[in-house]
1. Right, A:Arg60: more than 8 Å from every other protein chain (Cβ to nearest Cβ), outside any helix (DSSP H, G or I) and without any contact (Cβ under 8 Å) to a residue 40 or more places away in the chain or not?
2. Return the residues of region D:235-258 that are of a type outside the set (Ser, Thr, Tyr), within 15 Å of D:Val320 (Cα to Cα) and outside any strand (DSSP E or B); say none if nothing qualifies.
3. Which residues, taken from region D:191-216, are open to solvent by less than 40 Å² (accessible area, probe 1.4 Å), more than 11 Å from D:Phe229 (Cβ to Cβ) and not in a loop (DSSP other than H, G, I, E, B)?
4. Among what's in region B:27-71 and is within 14 Å of chain A (Cβ to nearest Cβ) and of a type in the set (Phe, Trp, Tyr), pick the residue that is least open to solvent (accessible area, probe 1.4 Å).
5. Consider only pairs whose beta carbons are under 6 Å apart and that are at least six residues apart or on different chains; among these, list those whose first residue lies in region C:419-432 and is in contact (Cβ under 8 Å) with a residue 40 or more places away in the chain and farther than 15 Å from C:Arg252 by Cα and whose second residue is outside any loop (DSSP other than H, G, I, E, B) and among the aliphatic types (A, V, I, L, M).
6. Among the listed residues A:Leu37, A:Leu44, A:Leu89, A:Leu23, identify the single one that is open to solvent by 30 Å² or more (accessible area, probe 1.4 Å), within 14 Å of chain B (Cβ to nearest Cβ) and not polar (S, T, N, Q).
7. Considering only residues that are under 18 Å from D:Leu346 (Cβ atoms) and hydrophobic (A, V, I, L, M, F, W, C), which ones fall in region D:179-232?
8. Under 7 Å between Cβ atoms, at least 6 apart or on separate chains: pull out the pairs that start in region B:160-189 with a residue that is aromatic (Phe, Trp, Tyr) and end on any residue that is open to solvent by 10 Å² or more (accessible area, probe 1.4 Å) and assigned to a helix (DSSP H, G or I).
Amino acid sequence: MAYGRTRNRKIFLIFLVPAIAVLFLTTIYPMIYAGYLSFRSYDLAKPFVPRVFVGWANYREILTSSEFMHTLIVTFKLMVITLSVQLVLGVGIGVLTAQRLPGMALVRTLLLIPMMISPVIVGLIWLFLYFPELGYLNYFLSLVSISAVPWITSTTWAIWAIAIADIWQWTPFVMMGTAAAIHSLSPEPYEAAMIDGNSRWQIFWHVTIPQIKPVLISLMFLRAIDAFKLYDIIFVLTKGGPGDATEVLSMFIYRQSFTFWRMGVGAAASFVSLAIVVVLITFFFKSLNRSQERI
Amino acid sequence: MLKPATSEKLLCTVLIAIALAVFLVPIFIVAVSSVKPTPIMFQKPPSFVFEPTADHYINLFTARPFAKFIWNSLLVACGSTAFSLTFGTLAAYAISRIRHRRIKDLAFWILSMRMFPPIAVIVPYYILFKTAGILDTPLALIIVYSTVNIPLTTWLMKGFFDEVPAALEEAAAVDGHGLLATFFWITLPLVAPGLAVSAVFCFIFSWNEFIFALMLTGSEAQTATVAVMSFWSSDAVQWGRIMAGSFIIVIPGVVFVLTCQRWLVRGLTMGSVR
Amino acid sequence: MKYANIALAAAALSVAASGAALGQKQFEGIELKMLGIGDTSVTRLAPLVDEFEELTGAKVQIDQFPYPGLIDKIVIEASADTPSYQLMWVDSPWVGVLGESGALEDLTDLAIRDAEEINLDDIIPIQLQENTWQGRLLAFPASGMIWHQNYRKDLFEHPDEQAAFKAKYGYDLEPATNWEQYIDQAEFFTRTAGEVLAGNVLEKDFHGNAQAYSRVAGAITHDFFPIMRSYGGQYWDSETGLCAMDREPSLRAVDVMKRLVQFNPPDYLGLMWDIRTGYMERGETAVSSYWSVRTVRLTNPEEALVAGIGEVGYAASPTGEDIPQPTMTGALSFGINSKATDDEKEAAWAFIKWGTSREMMRRFAEEGNGVSMFHRSILMDPDLQERYPYYQVLLDTQEHAQRRIFHPFYADVEEVFGVALNKYMAGEADDPQAVLTEACNKINTRLKVFPVELRLRWIADPPAEIFSN
Amino acid sequence: MSAIILRNLVKRYEADMAVHDINLNVEAGEFVVLLGPSGCGKTTTLRMVAGLEDVSEGEIYIGGELANDLAPKDRGIAMVFQNYALYPHMTVRQNMEFALRPLRLDRAEVNRRITETAEILGLDEYLARRPSQLSGGQRQRVAMGRAMVRTPEVFLFDEPLSNLDAKLRTKVRWEIGYLHRRLGMTTLYVTHDQTEAMTLADKIVIMRQGRIEQVGTPEEVFVRPRNTFVATFIGTPAMNLVPAVSADANLHAKDFSLPMPQKFRNHVPEGLEVLIGIRPSNINLADSGPANVFAASVRGIEYLGTDALLDLRVGSEELVAEIPAILRPEVDAQIHVSFDMQSLQLFDAKTGQSLESI
């Protein structure tokens, strides 16, 4: 894109200005405000609680509290579960539906529906399915002689219940990416591999996967960012319970900010969360660059 | 691609059938529950044969002005989509074309706007909009959603713009066209699929969003998602109405998927690879 | 009858509008908005706001929001300098935090001024006390609640069951008066599919009891605190103003709930509000105690299958070891934003009077919304008692009921104890004392910031000053 | 028609120099070809003329006007791109119309021009088609048509034939030559194919590593290459270069000697290390006997139809000779060859510069 002449550059700047201005105006104030809060003791509900500058106390409290560490562990656990299952299932279904068979386009289309549904609604739908005694899921399981699973009412199962709802919603995203990436591949490596007498599995593992790897990495990256913001589903399904089994980072922020009204602690936790995501992203860009160089 | 053998074809069909069941049955259950009478809403085992009732749908629209909430959702979603698409596309074009070593930092900054936990900025937004006098108006939500949608559009569209061969724009330049004419007549038509996919994503996000809509609206600008959740009350969760409302809210997503599948696939992979 | 009521209300209002000529609308041009919810205290009123406008000229709009997130909105609204909402729906435990922060307008003087008009004498005092903070009335009840027990009358009165119960436990099968009996009954009626219940072979499992064990919206604490109180437990230490919910009565309440677990449905940890009441409403449990806001459903076959299966009886909530302790009340109320203008406040008060008036309540009851009345005369009305058999229980128990927790840190209590109790019931912790103490400590760390005088003031509950007149 | 003048033109990318100090005059109506291997700066130079690249230093004059700061649209140029750059969402007609739009002509004039251009290029039938429905050759012609229809002062071509197959390439090359003779527009044409350059150019500019190596007519660059780069770049197969030393009016290669050709005698000093340049077509078969005839062995033969290429060894020197095919010997045969002394070139071995006096 070589003709960056001075005048064009001016036009490009004009193109950039509205977006940046909007983002700047609408995000800079809230973020500065949140940053300001994070250094204060600030109880929105109780004006009689002293509102004072507390330095790094909020950050210190978060980073030393076992509660916060617990939420981090739950968040990462949930992220690892959902991302890995979405990856495996998504790639699996993606490969299945990438075949050029009649009707496959419709199948792919139908499978996309879950990712178009509001996360709150997804939470409601799954809450409805999960009711241990009365929900549909255990009823279906009982039809195949699997005894009832205490989905959202057991501290061990609840995290899986959340994960399943998230997986249900976002596996289609990975599937779609995989199918599209496979369609965009050139046939030569396959033909070469077939002539070399490789098995289907070998071809999949050594030819397909390396080629679609950059796509998979980007998909996982987008999912990882969202995993940190995962909120609606938990808000509806478990509110962090039973006990504190599904208390993720965003629920922690919500609880601190809107249940306990400790806005300062909530804001500080938000910045810690942002820092973690930014580190994740930097890591992602590095690994993406590496995998693209290899190809 | 590989041609499967017959036995494998059968296996594939079975697996795909299972996948379809897993991903679609929950939606089917929503549909069924939305016409199920309240007393048998929860039963063990769940009943599938019953006399369907339209009560929940009727209640949905009579207990609360649900049609208005749908209208609000549409207004907010369309508004934010138009807004984000315009600004995001222009920005993406500039980022894609400017050759400057800091441009990547700018792109990253724009993207990072998506990463801050939304919960942390609810109160500042509330104060901001209250001061500006636009609390409980669609405009407030349009602005908030745009801060999420502009980065998304920018990110997606940059991928599309990168794919447009430079020579086409150069050809237009030597043919005597200025940058603007080139952009509108050559480049923009070529990234139409990207515009479509960005629009769908912006729309769906705005249509679906809950927490900002809950906190920043009253009944003037309340959106359908919040209205559906409002049937979760202090004394009862009105599952029938919730299911009926959910089913209605799901519809645009299904429509978009059915109409834009080809573009969605292309848009997502392009946007995410680059 | 209906129209007579409206005429009465209209007359009452015009009396209040002193100096205003009859027929001229007093609040012409004023627009009020209520930050509300979608429960019966609001939904039955919402369609009628035009009638209020007809009467007074004031336009009222009720915004309905989900219960999860509503208090968040109220607090944010209260923290803003200029109000978007002049009227607020208030759950009575929130009175403390909203009162201490000055978010709600003091209604004491208005209530005294209009005592006759609002039939102050007819309102059960505890329902008003429930809405006070430091003796001042901050909200007006729109729906009063009692935590009471519902039982399957048809099963309790079945001769076979009565005989079997007597044989097994040595005393008559009657509504429980203490928790030991309650547990016995829960155990007695817990049957598996194939066993006989009241002469019928069960097709599926029957659960003796359904209580809330879920932490969603603090549900578990709403069942725990009444039990704790029935053992004489206190929320706060009267000397220090710190958490006292880790003492003997609390331990006994924890024990009761833990022992009830095995007679609850297997998904007991997921039993939140309506899932728990659902078991009673579908006739799948023998006893269940909860807030009376849902009780009306039990009489309506369109909402509850049990109305077609058997019959539900109502009784006061059990006591600890027959030592009579007051039942717990709650109130869903309307308050006025203290930052509204004077005109708006006057109009808002008119709306509250109108919307919670005895005439309006009677009209609701006659239309089928016999929910949670707080006027003695209505609860005593023989026709309505016939229609809503639980009215007598409400009437009896409210006379010596005690108000719920109302501390400014109520939300912390609900959340912290919700998590702690839920964890213990889930079997994640073994030592109830440790669980309760840890929860108390968490709350105490937040309270200890404040001087003891302040803490003591927060737990004080002086009688409402409206009664002193 | 406008002349193009490049004065001390420099293009820098960051630290790298893509074009060094180019000076070039393109006369009005002249067909000038920029020729060189890939990466030599020829395309960059062309794009600077088009206004698609900024000029780092120096000046560009088009039609006598300083064009450095003019936008492409204001330079009165038209350009044909390597990949044609046809607008894929427009039909052939719309492609041309879009090119005409900035000229703000009336409807009739637009139609007249399109019809005329389509006729010249034989595109009449395809006006309603989109580029994706056309063959490579047709697309190429549309690209030219889109340029021609504007009747520009200056025509720029950027490797316009490189995407065509060999047969089509020859045909289109003829067409371009025909069009230029007919329309007479000033043309700057970039290619790495010397055949295109030789056949089309009035003047060839040979470039290497951002510098001009030689400017001249096709004949000049072929017959009198200014240095060994041009000598070996022009002509297929490449010119043979044999190291030698001048002494006693002779050229002494390792295994043979030649008399110094007359034209060099006066100014090539004694003892200079030189390279003898002999084009393969200037090596002839000869009978043994007379002077300047050398014994050679045949290592390999490539049959080309009319001609054949011989891979020869004269002593230890490897030479390629091009001879009429009917005269071709057997592989491994021992033969004799002679050089056409008139066309012999001499280059300074150190500098690579031609030793021919100017």
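The values are calculated or read from the model by the stated rules, or taken from the named source; none is laboratory data. Treat the numbers as computed from the prediction; the structure is a model and nothing was measured. We place every Cβ from the backbone using ideal geometry, glycine too, and count neighbours over all the protein chains shown. Ligands, DNA and RNA are stripped out before the accessible areas are found, and what is left, the full protein with its side chains, is counted by its heavy atoms. Shrake-Rupley method; radii C 1.70, N 1.55, O 1.52, S 1.80 Å.
1. no
2. Once the filter is applied, which keeps residues that are of a type outside the set (Ser, Thr, Tyr), within 15 Å of D:Val320 (Cα to Cα) and outside any strand (DSSP E or B), region D:235-258 yields D:Gly235, D:Pro237, D:Ala238, D:Met239.
3. If the condition is that a residue be open to solvent by less than 40 Å² (accessible area, probe 1.4 Å), more than 11 Å from D:Phe229 (Cβ to Cβ) and not in a loop (DSSP other than H, G, I, E, B), then D:Thr191, D:Gln194, D:Glu196, D:Ala197, D:Leu200, D:Lys203, D:Ile204, D:Val205, D:Gly216 are the ones that fit.
4. Ranking the candidates gives B:Phe69 first.
5. C:Asn422/C:Ile220; C:Ala426/C:Leu269
6. A:Leu89
7. D:Val221, D:Phe222, D:Val223, D:Phe229, D:Val230, D:Ala231
8. Close Cβ pairs (under 7 Å, with a partner that is open to solvent by 10 Å² or more (accessible area, probe 1.4 Å) and assigned to a helix (DSSP H, G or I)) amount to B:Phe160/B:Met270; B:Phe161/B:Ser96.
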